[in-house]
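Right, one structure below, let's go through it.
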Amino acid sequence: MKIIKILIAIIIISAIIITTSHIAKLNTWLNAKLGNMDYRPDIKENAKEHHGQKHFEDRKKVLDIVNHYADIMDDVFINSFDKTKLAGSYLLGNNHNMRVILIHGYTASNKTMFTIADKYYKHGFSVLAPDLRGHGNSAGIFTTYGIKEKEDLKSWIKWIKTLHPQAKIILHGESLGAASAMFLAGENPKDIIACIEDCGYTSYYDVYVNQFPKKLSFLTKIIAVLANLFIKPIIGADLFKSNIDSMKKTKIPVFFINGGKDEIVPLQMCKSLYKSHQAKKEIYIAQGAGHAESKLYDSDIYYKKIFGFLDELML
């Protein structure tokens, strides 16, 4: 009887934790207080010792780039489909037809995508880097792990097309941003010509299962079902919605990226997504990188692979 009570307590507490993980601004604050930099890779210290042949980008170099683009990019604001006010940063490039939307990860902000913005801008792209709902300067309390964020991306695309109807748009997302991009790609929007997904997950449920103690793994499904009873109708998220389905449906070319040492979105998730995709695709594994670190680990190869993929599409 005592064991049953303990299991019930674990189920209820875990369901509460899963639910509160959707409160984006709270978790951003907690991560900052706890010094957790996993979701803010652009301010990661330079690694003195690391597996692999090359180290991460130097911290000062990264911060100089981030600060430069924070100074030169214009602030933009729109209202999304549900009237949530969204903020972003925008910079017009030399090729007005080519646009990229850079989508950051959970508890981060658009600034963590500014090193990527630098590369695209130097290739002539116009760059939009939005803050996801509940993050940065955007309004909202909750993240929905890609469900409403997908709809927000549609609002940003509409904004771009209003400015430049001939725009060709690339989605480049990281973690939550990559998952959001894949959810949208699964609908095959005509204005998206390519998707770069870096450490995007299959589903929130799969991420949670990967983090849950293995000895209690038999409880994961019932905990998630219980949490989803509240999350789905109230917040609008869905723990079980999977990007495996998105990748089966999409005809959009996708470049898959993952860190070989990613413990949050393990390599097998990326391989499963890659296998599910039936259109033009490539995959790159940054062997020494953890979660959301690939862009800073052996970055020359990272960008050579990305722009090589885009060049093959004649972009």
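The values are calculated or read from the model by the stated rules, or taken from the named source; none is laboratory data. As the structure is a computational prediction, the values presented were derived from the model and not from experiment. Positions of Cβ are backbone-derived with ideal geometry, glycine not excepted, and every protein chain shown enters the neighbour counts. Accessible surface is based on the protein model in full, side chains and every heavy atom, while ligands, DNA and RNA are left aside. Shrake-Rupley method; radii C 1.70, N 1.55, O 1.52, S 1.80 Å.
Of all residue pairs spaced 6 or more apart or on separate chains, those with beta-carbon atoms under 6 Å, a first member in the range 170-194 that is in contact (Cβ under 8 Å) with a residue 24 or more places away in the chain and a second member that is in a loop (DSSP other than H, G, I, E, B) and among the polar types (S, T, N, Q) are Ala185/Thr250; Gly186/Thr250; Asn188/Thr250.
Just checking, how many residues over the range 286-315 are buried (at least 17 other Cβ atoms within 10 Å of the Cβ) and more than 13 Å from Ile196 (Cβ to Cβ)?
Here the count works out to 11.
Yes/no matrix, rows are residues, columns are (1) in contact with a helix residue (DSSP H, G or I) (Cβ under 7 Å, 6 or more places away or on another chain); (2) crowded, with 24+ Cβ neighbours inside 10 Å; (3) among the basic types (Lys, Arg):
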residue	(1), (2), (3)
Val76	no, no, no
Ser80	yes, no, no
Ala87	no, no, no
Asn94	no, no, no
Asn97	no, no, no
Leu102	yes, yes, no
Ala117	yes, yes, no
Tyr120	no, yes, no
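Tell me whether the range 63-82 contains one or more residues that are without any contact (Cβ under 8 Å) to a residue 60 or more places away in the chain, small (Gly, Ala, Ser) and either part of a loop (DSSP other than H, G, I, E, B) or under 24 Å from Ile147 (Cα atoms) (or both). The answer is no; no qualifying residue exists.
Taking interchain pairs and intrachain pairs at least six residues apart, which have beta carbon atoms under 8 angstrom, with the first residue in the range 228-257 and part of a strand (DSSP E or B) and the second of a type in the set (Phe, Trp, Tyr)? From the range 228-257, the pairs are Phe255/Tyr284; Phe255/Phe309; Phe256/Tyr274; Phe256/Tyr284; Ile257/Tyr284; Ile257/Tyr302. Taking Leu30, is it modelled with pLDDT of 70 or more and over 28 Å from Phe125 (Cβ atoms)? Considered against the rule, which asks whether it is modelled with pLDDT of 70 or more and over 28 Å from Phe125 (Cβ atoms), Leu30 comes out as yes. Just give me the residues in the range 282-311 being touching a residue at least 24 places away in the same chain (Cβ under 8 Å), out of contact with any Phe, Trp or Tyr (no Cβ under 6 Å at 6 or more places or on another chain) and more than 16 Å from Gly259 (Cβ to Cβ), in sequence order. Phe307, Leu310 - these are the residues of the range 282-311 that are touching a residue at least 24 places away in the same chain (Cβ under 8 Å), out of contact with any Phe, Trp or Tyr (no Cβ under 6 Å at 6 or more places or on another chain) and more than 16 Å from Gly259 (Cβ to Cβ).
For every residue, the table says whether it meets (1) touching a Pro at 6+ places or on another chain (Cβ under 8 Å); (2) open to solvent by less than 10 Å² (accessible area, probe 1.4 Å); (3) among the small types (Gly, Ala, Ser); (4) touching a residue at least 40 places away in the same chain (Cβ under 8 Å).
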| position | (1), (2), (3), (4) |
| --- | --- |
| Ala129 | no, yes, yes, yes |
| Ile141 | no, no, no, yes |
| Trp156 | yes, yes, no, yes |
| Cys199 | no, yes, no, yes |
